[in-house]
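**Q** Following this message is one structure expressed as structure tokens.
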Amino acid sequence: MKFCTRCGSTVHLQIPADDTRARHVCKVCEHIHYLNPRNVVGSIPVWQEQVLLCRRAIEPRLGFWTLPAGFLELGESTSAGAARETLEEAGAEVDIGPLYSLLNVAHVEQVHLFYLAQMRSGDFLAGTESLEVALFAEADIPWAELAFPTVKQTLRWFFADRAAGKLDAHFECNTHSRDILPHEKI
């Protein structure tokens, strides 16, 4: 960051009083700019025994499969964002259930949150950010073609919990969480 978003003056790094980290501080108006992680919200859309995945039409990871997800918008709850992203990317209307996974991806300044979601119907279509959208049974998941480690980890947890009977018909479950490290194999 080079310029203040309030007054346009240059900023410099300093540790403000009562803080422990260097922050971008405006040299003129003294506004402190906090740079915080971006939240990525998405869902695990389920129709019958299958999960809905999207093949990405955009970078990063163009052509790879993912759960429908994207950046949270200002003024939006995380669950509303997950439902919006599912509709935008997969054309699927869902009933959002509980938060299922929370993955810290600090090396890219993100936190990924995935909610369990029940599709309202078997209808779906590719949005502008998706090349195609398809339902997959566990045995048919294209594991080697998944776009992100957070998606792979979330799907592994989901299918393991489902096989263990930890997901009931109403998707009551415990939230899974972990940190995803750069270049980590999952």
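**Q** Compute the separation of the alpha-carbon centres of region 42-59 and region 110-186 and state it in Å as a whole number.
**A** 7
**Q** Compute the angle between helix 78-90 and the longest alpha-carbon principal axis of the chain, please, reported from 0 to 90 degrees and rounded to the nearest 10.
**A** Taking Cα atoms only, the helix is inclined about 60 degrees.
**Q** On average over all directions, what projected area in square nanometres does the chain have, based on the convex hull of its Cα atoms?
**A** Details: hull surface 50.4 nm².
Answer in nm², one decimal: 12.6.
**Q** What full-extension length gain, to one decimal in nm, is calculated for residue 184 and residue 22 as 0.36 nm per residue of separation minus the Cα-Cα distance? Kindly include the intermediate steps, with their values, before the conclusion.
**A** Values: separation 162, 0.36 × 162 = 58.32 nm, distance 2.83 nm.
Full extension from residue 184 to residue 22 adds 55.5 nm.
**Q** Sticking with this structure for a sec: Net charge near residue 10: determine it from the other residues with C-beta under 11 Å of the C-beta of residue 10, scoring Lys and Arg +1 and Asp and Glu -1.
**A** On the way: positive: 2, 27; negative: none.
Every neighbour counted, the sum reads +2.
**Q** Which percent, nearest 5, of DSSP beta bridges in region 38-179 are antiparallel? Walk me through the intermediate numbers first.
**A** Working: 22 of 36 bridges.
The answer is about 60 percent antiparallel.
**Q** Assign one of three labels to region 102-186, namely rounded, prolate or oblate, based on the Cα gyration tensor with a ≥ b ≥ c the square roots of its eigenvalues; rounded applies when a/c is under 1.5, prolate when it is not and a/b is larger than b/c, and oblate otherwise. All intermediate terms of the calculation are to be shown ahead of the outcome.
**A** Working: a/c = 1.62, a/b = 1.15, b/c = 1.42.
Oblate shape, in that a/c is at least 1.5 and b/c is the bigger or equal ratio.
All of the numbers you see were taken from the coordinates with simple rules; none came from a lab. Here the structure is a predicted model, which is why all the values come from computation and not from measurement. Here Cβ is always computed from backbone atoms with ideal geometry, including for glycine, and neighbour counts include all displayed protein chains.
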